[in-house]
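Let me begin by presenting the structure, written as structure tokens, before commenting on it.
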Amino acid sequence: MLKTVNRVLLGLLGLGLFALGGGVLLGALDLQRHWGFDVPGWWPFRGPDDVVLGTWGRTRWREEDWWWPTVIAVLVVLLALLLWWLLAQRRHRLDQVLVDSEEGAPARLNGRTLENVIEEEAQALDGVSRAHVRLTGRRTAPTARVRLLLEPHADPTRALGRLSRETLAHARDSTGLDRLPSKVRLRAARHRAERTA
């Protein structure tokens, strides 16, 4: 859904900017005179000597009582919409994962429960101090984002291999998914230096 909204918004914005830029370019190059056609009467930019927004257009509403509250309200609404759109770009946690059942109808698996199971199994791996898992993507094709806090003695290559071969493979097989793409971030736990006598 978010991809569709993004594409529609970007398409409309691009179309509007293309039309505005093309109209300004027509006036700046005086193409209507060279090619023998007329621009609409409401279009303010008719030739190379015209400006897009003249002094009269910039100052005509300043003395009206409703002008500044309207401008501020429109800007606030626009800012709120842009902030909502920006926050919507963050990848949301999956509430449910659809898995194939034996009866042919998809079963719904609680996404948080699956995250907890993967976390517990990852934390049981040798050298892993703490694990955090977040499922994103589509319900039929989830992606796992895994963060592991490794103990000082842990071998990162071995921990990553076991996570991939065991923990994530179990999650993929138990849910009946063909694949479970994963992004793993490893971080080593800090420890104090030991004193020797």
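The values are calculated or read from the model by the stated rules, or taken from the named source; none is laboratory data. Computed from a predicted structure; not experimentally measured. For neighbour counting, all protein chains shown are included, and Cβ atoms are generated from backbone atoms with ideal geometry for every residue, glycine included. Areas reflect the complete protein model, heavy atoms only, side chains present, ligands, DNA and RNA absent. Shrake-Rupley method; radii C 1.70, N 1.55, O 1.52, S 1.80 Å.
Taking every DSSP bridge with both residues inside the chain, close to 65 percent are antiparallel. With contacts taken as Cα pairs under 8 Å at a separation of at least 6 residues, segment 59-176 carries a relative contact order of 21 percent.
Neighbours of L109, meaning other residues whose beta-carbon lies under 12 angstrom from its beta-carbon, give a summed charge of 0 when Lys and Arg score +1 and Asp and Glu score -1. Dividing the alpha-carbon radius of gyration of the chain by the rule-of-thumb value 2.2 N^0.38 Å gives 1.78. Across S182, S174, S164, the residue with the most accessible area heads the list, and the full order at a 1.4 Å probe is S174, S164, S182. For the chain, the longest principal axis of the alpha carbon atoms and the long axis of helix 67-88 meet at an angle near 30°. Between D178 and Q89, the distance separating the two model label sites (each 7 Å from Cα on the Cα→Cβ line) works out to 3.0 nm.
Exposed loop positions in the chain were taken to be chymotrypsin sites (Phe, Trp or Tyr not before Pro) whose DSSP state is not H, G, I, E or B and which have at most 10 other beta-carbon atoms within 10 angstrom. Between these positions, the longest stretch is 67-197.
How many percent of Cα pairs in segment 65-147 exceed 19 Å? Mind showing how you got there, number by number?
Working: 2034 of 3403 pairs.
Everything past 19 Å amounts to 60 percent.
For the chain, the longest principal axis of the alpha carbon atoms and the long axis of helix 2-28 meet at an angle near 30°.
If R0 equals 22 Å, the separation of the Cβ atoms of W66 and R7 corresponds to a calculated FRET efficiency of about 0.05.
For every other residue with a beta carbon closer than 9 angstrom to the beta carbon of L148, add +1 if it is Lys or Arg and -1 if Asp or Glu, then tell me the sum. Spell out each step's value before the answer.
Numbers: positive: R130, R147, R185, R187; negative: none.
That works out to +4.
Considering only P40, P181, P48, the Gaussian network model of the chain with Cα springs below 10 Å gives its largest mean-square fluctuation to P40.
For the chain, averaging the sequence separation of C-alpha pairs within contact (under 8 Å, six or more residues apart) and dividing by the residue count gives a relative contact order of 13 percent.
When only the heavy atoms of the protein chains count and the probe is 1.4 Å, how do E115, E151 rank by accessible area, highest first?
Working: E115 0, E151 65 Å².
In descending accessible area the options line up as E151, E115.
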